[in-house]
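Only one structure is covered here, and it is reproduced in the block below.
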Amino acid sequence: MAYYFAEGSSIQFSTTLASAKTITAITNANPAVATSTAHGYTSGDEILLTSGWEDATDTVYTITVVDANSFQINGLDTSNTSFFPVATGTGTAQKLSGWTTVPQVLTISASGGDARFTTVTPLSKRNAINIPTGFNATSITMSLAHDASQANYKTMIGISRTLSKVAIKQVISGGAVTYGYGYMNVSETPKLNNNQVNTVDAAVTMLGRTMSY
């Protein structure tokens, strides 16, 4: 058991993806092992995985190399074949690099990722039933101290204006890391309040899962 605190934490983003490596197979196991001929990866590398499995794709993982042609996808449990049908998880892996720090972060909040339910009321019953149908989209929202001249903020504005996708890495003081991948949206209009620093909002809406290590 460990306790982590916000002080000393940072959040980073990257749009630097290496050429895609073809994945010809992924095992149904915990953790899953991917086959990719001459992948060239090193244990600890961070990859963006695309896969035929909805619950695995568009997600950032760390890996552990098994051999020159296979690697373990850390944290990915594909043993349930109802959600990860056999032989349908093939796709690509792209190594991430070039992480850039989100500047002057004041607060970070998260929403979504929880189960989504549909309420059904059968005619024969007095009580409604909530039936799970999937999961709500996950997003994180950051409040930044506004500085229009800050280089990394300008980069984020460019990503936002071009509707580009980014990988996100939240590094917690003490060593815990959370990854995500999705669309970044950054406000260009600061919020002003008496006796408070001017702020702008930035958000990332995830396409896949968030993974924590």
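Any idea which of (1) in a loop (DSSP other than H, G, I, E, B); (2) surrounded by 18 or more Cβ atoms within 10 Å (Cβ to Cβ) is the one F13 doesn't satisfy?
Single failed check for F13: (1).
Sort out for me the strands (runs of 3 or more DSSP E) sitting completely within segment 75-175 that have 2 or more residues that are surrounded by fewer than 11 Cβ atoms within 10 Å (Cβ to Cβ), β-branched (V, I, T) and not assigned by TED's automatic domain parsing to the domain that holds T64.
115-120, 129-135
Confirm whether N194 is out of contact with any strand residue (DSSP E or B) (no Cβ under 7 Å at 6 or more places or on another chain) and either free of Cβ contacts under 8 Å to residues at least 12 places away in the same chain or exposed (fewer than 13 other Cβ atoms within 10 Å of the Cβ) (or both).
Working: out of contact with any strand residue (DSSP E or B) (no Cβ under 7 Å at 6 or more places or on another chain): yes; either free of Cβ contacts under 8 Å to residues at least 12 places away in the same chain or exposed (fewer than 13 other Cβ atoms within 10 Å of the Cβ) (or both): yes.
So N194 fits the description; yes.
Regarding segment 58-68, can at least one residue be identified that is out of contact with any Pro (no Cβ under 9 Å at 6 or more places or on another chain), more than 21 Å from T205 (Cβ to Cβ), in a strand (DSSP E or B) and not hydrophobic (A, V, I, L, M, F, W, C)?
yes
For residues that are assigned to a strand (DSSP E or B) and more than 19 Å from V166 (Cα to Cα), scanning just segment 181-199, find the one that is farthest from the chain's Cα centre (by Cα).
It comes out as K191.
Could you count how many residues in segment 81-98 are aromatic (F, W, Y) and out of contact with any Phe, Trp or Tyr (no Cβ under 7 Å at 6 or more places or on another chain)? First the steps, then the outcome.
Residues of segment 81-98 aromatic (F, W, Y): 83-84.
Subset that is out of contact with any Phe, Trp or Tyr (no Cβ under 7 Å at 6 or more places or on another chain): 83.
Here the count works out to 1.
State all residues of segment 17-46 that are among the hydrophobic types (A, V, I, L, M, F, W, C) and over 19 Å from Y181 (Cβ atoms); if no residue qualifies, say none.
Hits for segment 17-46 are A25, A29, V33, A38.
The values are calculated or read from the model by the stated rules, or taken from the named source; none is laboratory data. Treat the numbers as computed from the prediction; the structure is a model and nothing was measured. With ideal geometry, Cβ positions are generated from the backbone for all residues, glycine too; neighbour counts draw on all protein chains shown.
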